[in-house]
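Participant: Quick one: structure below, then a few questions.
The values are calculated or read from the model by the stated rules, or taken from the named source; none is laboratory data. Everything quoted here is computed from the prediction, not taken from an experiment. Cβ atoms come from the backbone with ideal geometry, glycine included; neighbour counts cover every protein chain shown. Note: accessible area is taken over every heavy atom of the protein model, side chains too, but ligands, DNA and RNA are not part of it. Shrake-Rupley method; radii C 1.70, N 1.55, O 1.52, S 1.80 Å.
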Amino acid sequence: MDKRLEEHIPILGRVYINLINLTSKIYDIYEQENEITRQKETPHLGLVSQAFKGISHSRYDYLILQCVISELVENNFKGTTSAQGSIKINKKEYFGNEIIKCWILLSNFGHCKNTIGDEKSILLKIIQNKSFEKNILKSIKDEQLKVWAKEVITEFDYVNFHHIISLWRIYKVLSRKKSLLNEIILVYKILLLDNEHTKDIANSGQVEQLKLIYRNIRDLSIISLDTQNSSLPISIDILSTILSFDFYENRYQETKTNELFNPIISLLCDKLYLNPKTQTFQRSYEVSAIENMSNNLNDVISKAIITGLSNPKKNNLKHFLRIQLHQDFLEKSKFKDAVRNILTIKKGVENVEASMDYNPYSKIRILDFYIDTYKFANNSLPKFLSNIGHLLEKQFKGTLEHLLDQKSNLLVGVKNGVKESEIDEASKEKIYRSLSKELSYESWDIIESQNIPTFKEILWSVLTYHIKSEYYFDIDHHISKKHKHFGVRINNNEEQIDSLKENIDIAIDENIDIDRKHELKQLKQSISREFKGTTIVCISRIIIYDYSKSPNNRKVTDIDSLVLKFNENEMILEFHESKNTKKPFNDAKKDINEKLIRVLNPNSKGYRVREVKNYGAKIVIKHKT
C-alpha cells in the first residue's frame, strides 16, 4: 500500500514524502527490521562525529533529505532534460522518481552502526581472510552482482562496500519472498552495474539519466547536511541549487551539475572525512574492531549493523605524520596492495600504525602514520622514521614510471626514426644517450618538486613530537625564489640524493644580513660531516609562539635552523642557536637555557647543549634503537 510520510529534519523542518509501489514495499522491510529507529540512532558521518562533536545528524536525516530533494526535482523538471520520467525494467514500468527512491532506501540499508568505521574494518578483514571473502560472495546469488562485488573487494573500494552489505541483508530478509527479492535485485542491479551489463533489462539512456539525477541528489544532500553541521566556512542553498539543476546539465555543451558539487565535496574530504583527527579515530577503531571479530561472517555483519564492532569513543592512537601525494607520483599498485604496503612500516617497530586513503576528486593519496598514545617509546623512533623514509623512497619509482608513460609515444617515435635513418651505430648511440640524459634531468626535476617535499613533513612531525603542545610554530617569511626553505640528503645503499648543500650555499650568498649569514654558516658546518641515512634540514628560521599570551607577547623564541638525521639505529635532532658575538657559545647557551629549553616536552629528555665552535651552540636530542 502506498504511503505518505510526515517527517521532521533539522535542515528543512517538517516535510512530506510519498512512497508508492516498490518504494512502499521496501519501506515495509524497514519497518519489519526496525530500520527506521536504527538509522535515527546512527550518525550519518560515523566516526567523524567522534572527531568533531558538533556533527550529529543521523543517517535517517540524510535518507529523508534525499527523498525530499527527489520529489522537488520531480515536480520542477517534468518535460526537461532533468526529468525523471518513467522506465521499463524487465518489461515492467516504473516511475523514475520511484526508482530513485528505491536506490536511496536500498543504499542506506547497507550502512553499519558506525558507517565507514565498521564497513572498512570488515573489508580489511575480508582481504586478510579468504573464507570471509568466499562467504560474502556466496551470499550474493546474482552472478553479475557477484562479479561486481568481487571487484569492489579486489579494488578495496570501501566507499561502495555498504552496497554489498545491503545485498547481504536483502537476500537474508527476503529469502522466502522470491518474487519481491528478484524485483528489488533487478532495480538495485541497474544502479550498481555499468549500463552495458544491464542493457537487456532496461534502456541504457533512461538508466543513465536516472543515475545522473540520483548522484546529483546524493551529492547535494551530503553537501547540505555536512557543511551545515561542520565548522567549514561554506554552505549551499538547497532550493536555489535544485532550481539550477537544469541550467547546469547541458549535454551539447558537456556541462554537468557535479562540476559545481565536486570542488565542495573534495573540500569536505580534505577537511572533514579525511581530516587527521577523523583518520586517527578511524584507524584506532579498525584495529580494535578486527581484534574483536569472530570467525563467523554473519555474526560480524549483524553486530556491525546493530551495535557496531567496537567502541567508537575509544581512541588509543595519536596522529604522528601525514604525507600527501598525487597518484601520478606513487609506486604503481592497486589500492588494496598499497594499503598492505603501507603497513610494512610496522616491521621491527612496536606500538605504531599506518593507514592509506584517497581523495577521488583531487587524485591525492593520503598516507597517515600513528603512534600508541600510551605505549610508544622513544627508542622506537629511529626505526619508525627509517621505515617511513624507505616507503617514501619507493615512491620515486612511481614518478619515473609515470614520466616514461607520458613519453612513451615520443620514445617509440625516436626509436623508429633512428631505425629508419641511414646513420651509423655510433651516431645512433649518441642520440640515445642524449635522450636518456634529458629524461634523467626531467625525472629528477619532477622528483625534486613532487616527492622530495614529502620529507619535510617528517621533520615537522619530529619537531612536534618534542615540543610542548601549548606552543605553535612556523617558519619565518621565506621570500627567496632561488632556494627552498628546506633541504634533504638521502645517503644509503639504495638512494643517493642531495639537495642540502646547494640550497644552503645559495641562501648564504643571497642573504645580506650578516647575522643571518653567520647562522647559515653554522648550519652548513653541522651537515658537513657524512651521515649514513637521511638528513632533513629547515633552512629558514622557525618562530615559536604561545597564543595564550597577548598579541605583543606571543613570540616565545626562535630556532635559527633545525637538523634531523636518522637511520634505523639512531635519530638526532639539532636545534641551532647562533651568535655573531665575541663569545658565541656562552651567549647562545644563555639564550637556549632561558628560552628554548622551556618549550621542550619530556620526549626531549637526555638532551645536550653543545658548542659549535666559532658560531654558537645547539641542542642535541638523540634516540637510539
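Participant: Quick one: which residue in 108, 76 is farther than 23 Å from residue 244 by Cα and either among the aromatic types (Phe, Trp, Tyr) or surrounded by 14 or more Cβ atoms within 10 Å (Cβ to Cβ) (or both)?
Facilitator: Residue meeting the stated conditions: 108.
Each row is one residue, and each column tells you yes or no for (1) under 30 Å from residue 566 (Cβ atoms); (2) modelled with pLDDT of 95 or more.
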residue: 364; (1), (2): yes, no
residue: 368; (1), (2): yes, yes
residue: 390; (1), (2): yes, no
residue: 396; (1), (2): yes, no
residue: 399; (1), (2): yes, no
residue: 407; (1), (2): no, no
residue: 417; (1), (2): no, no
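Participant: If you don't mind, there's one more thing I want to ask. Return yes or no: is residue 111 at pLDDT below 95 and either closer than 22 Å to residue 225 by Cβ or β-branched (Val, Ile, Thr) (or both)?
Facilitator: Taking the combined requirement at face value, the residue does not satisfy it.
Participant: Counting just the residues of region 171-203 that are charged (D, E, K, R) and closer than 29 Å to residue 336 by Cβ, which one comes out surrounded by the most Cβ atoms within 10 Å (Cβ to Cβ)?
Facilitator: Once the filter is applied, the top-ranked residue is 189.
Participant: Can I ask one more? Quick check: is even one residue across region 377-394 open to solvent by less than 60 Å² (accessible area, probe 1.4 Å), aliphatic (A, V, I, L, M) and not in a helix (DSSP H, G or I)?
Facilitator: yes
Participant: Take residue 247 and tell me if it is open to solvent by less than 70 Å² (accessible area, probe 1.4 Å), outside any strand (DSSP E or B) and either of a type outside the set (D, E, K, R) or modelled with pLDDT of 95 or more (or both).
Facilitator: No, not satisfied.
Participant: Let me ask something additional. Could you tell me whether residue 168 is under 27 Å from the mean Cα position of the chain (by Cα) and surrounded by 15 or more Cβ atoms within 10 Å (Cβ to Cβ)?
Facilitator: no
Residue by residue, here is whether (1) modelled with pLDDT under 85; (2) closer than 30 Å to residue 568 by Cβ; (3) buried (at least 18 other Cβ atoms within 10 Å of the Cβ) holds:
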| residue | (1), (2), (3) |
| --- | --- |
| 477 | yes, no, no |
| 484 | yes, yes, yes |
| 499 | yes, yes, yes |
| 506 | no, no, no |
| 512 | no, no, no |
| 523 | no, yes, yes |
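Participant: Taking the options 181, 105, 174, name whichever one is touching a helix residue (DSSP H, G or I) at 6+ places or on another chain (Cβ under 8 Å), aliphatic (A, V, I, L, M) and free of Cβ contacts under 8 Å to residues at least 12 places away in the same chain.
Facilitator: Unique residue meeting the criteria: 181.
Participant: For region 154-169, check the following and say yes or no: at least one residue is touching a residue at least 60 places away in the same chain (Cβ under 8 Å), in a helix (DSSP H, G or I) and of a type in the set (S, T, N, Q).
Facilitator: Yes, that holds for at least one residue.
Participant: To continue, here is another question. Of a type in the set (Phe, Trp, Tyr), touching a residue at least 12 places away in the same chain (Cβ under 8 Å) and open to solvent by 10 Å² or more (accessible area, probe 1.4 Å) - does that describe any residue in region 129-141?
Facilitator: no
Participant: At pLDDT 90 or above, buried (at least 20 other Cβ atoms within 10 Å of the Cβ), touching a helix residue (DSSP H, G or I) at 6+ places or on another chain (Cβ under 7 Å) and over 19 Å from residue 304 (Cβ atoms): which single residue out of 84, 66 fits that description?
Facilitator: Selected residue: 66, the only one of 84, 66 that is at pLDDT 90 or above, buried (at least 20 other Cβ atoms within 10 Å of the Cβ), touching a helix residue (DSSP H, G or I) at 6+ places or on another chain (Cβ under 7 Å) and over 19 Å from residue 304 (Cβ atoms).
Participant: Only one residue in 582, 590, 624, 549 is surrounded by fewer than 17 Cβ atoms within 10 Å (Cβ to Cβ), in contact with a helix residue (DSSP H, G or I) (Cβ under 8 Å, 6 or more places away or on another chain) and not polar (S, T, N, Q). Which one?
Facilitator: 624
Participant: Within region 1-56, which helices (runs of 4 or more DSSP H) (wholly inside it) include 1 or more residues that are open to solvent by less than 10 Å² (accessible area, probe 1.4 Å) and touching a Cys at 6+ places or on another chain (Cβ under 6 Å)?
Facilitator: Output list reads 22-32.
Participant: Looking only at region 197-242, which residues are farther than 23 Å from residue 95 by Cα, under 23 Å from the mean Cα position of the chain (by Cα) and hydrophobic (A, V, I, L, M, F, W, C)?
Facilitator: 222, 223, 225, 232, 234
Participant: Can you run down the residue pairs with Cβ atoms below 6 Å, 6 or more apart or on separate chains, where the first is in region 343-363 and without any contact (Cβ under 8 Å) to a residue 60 or more places away in the chain and the partner is open to solvent by 50 Å² or more (accessible area, probe 1.4 Å) and part of a loop (DSSP other than H, G, I, E, B)?
Facilitator: Once the first residue is without any contact (Cβ under 8 Å) to a residue 60 or more places away in the chain and sits in region 343-363, its partners that are open to solvent by 50 Å² or more (accessible area, probe 1.4 Å) and part of a loop (DSSP other than H, G, I, E, B) give 351/375.
Participant: Answer with yes or no whether residue 570 is open to solvent by 30 Å² or more (accessible area, probe 1.4 Å), in contact (Cβ under 8 Å) with a residue 24 or more places away in the chain and acidic (Asp, Glu).
Facilitator: yes
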